[in-house]
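J.: My structure is below; once you've seen it, I'll send some questions.
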Amino acid sequence: GLPEYQIGTPHFDELTLRLGSGKSVHIVARGADAGMRYVRSVTWNGRPVLQSPGHGWTLAHADLAQGGELVFTMSAEPTASR
């Protein structure tokens, strides 16, 4: 396998994961808990996470292990196909 994670749709508005290293990953997806089920965009520490066709959003394990903030922009409607 590859040392990376495929990121799916969150079903919570916010949570913080505490890593064994003492660092943490803060995940924000405002509106997800209220039914906004479609992801418009994702950022990692303020930088856009690119979506690969057919695979969704991917983050490297090395990046997540450093800790930071993962922010989802959610929507109630799906994004039109590109």
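J.: Being assigned to a strand (DSSP E or B) and either within 18 Å of Leu17 (Cα to Cα) or small (Gly, Ala, Ser) (or both) is the filter here; which residues of region 68-82 pass it?
T.: Looking only at region 68-82, we keep the residues that are assigned to a strand (DSSP E or B), and these are 68-75.
Selection gives Gly68, Glu69, Leu70, Val71, Phe72, Ser75.
J.: Please list, ordered by first then second residue, the pairs with beta carbon atoms under 7 Å, 6 or more apart or interchain, first in region 41-63 and charged (D, E, K, R), second open to solvent by 90 Å² or more (accessible area, probe 1.4 Å).
T.: Partner pairs satisfying both residue conditions: none exist.
J.: Pairs only if they're at least six apart or on different chains, beta carbon under 6 angstrom, first in region 11-31 and acidic (Asp, Glu), second in a strand (DSSP E or B) and open to solvent by less than 40 Å² (accessible area, probe 1.4 Å); list them, first residue then second.
T.: Glu14/Val28
J.: Looking at (1) at pLDDT 90 or above; (2) over 24 Å from Ala76 (Cβ atoms), find the lone condition where Val28 falls short.
T.: The one condition Val28 does not meet is (2).
J.: For the condition on the phi < 0 side of the Ramachandran plot and modelled with pLDDT under 95, what is the one hit in Thr43, Thr58?
T.: Answer to the selection: Thr58.
J.: While we're looking at this one, here's another question. Tell me, which strands (runs of 3 or more DSSP E) wholly within region 1-67 include 2 or more residues that are open to solvent by less than 50 Å² (accessible area, probe 1.4 Å) and either out of contact with any Ser or Thr (no Cβ under 8 Å at 6 or more places or on another chain) or among the hydrophobic types (A, V, I, L, M, F, W, C) (or both)?
T.: Of the strands (runs of 3 or more DSSP E) lying wholly inside region 1-67, those with at least 2 residues that are open to solvent by less than 50 Å² (accessible area, probe 1.4 Å) and either out of contact with any Ser or Thr (no Cβ under 8 Å at 6 or more places or on another chain) or among the hydrophobic types (A, V, I, L, M, F, W, C) (or both) span 24-28, 38-44, 56-60.
The values are calculated or read from the model by the stated rules, or taken from the named source; none is laboratory data. Treat the numbers as computed from the prediction; the structure is a model and nothing was measured. FYI the Cβ positions are ideal-geometry reconstructions off the backbone, even for glycines, and counts take in every protein chain you see. Accessible surface is based on the protein model in full, side chains and every heavy atom, while ligands, DNA and RNA are left aside. Shrake-Rupley method; radii C 1.70, N 1.55, O 1.52, S 1.80 Å.
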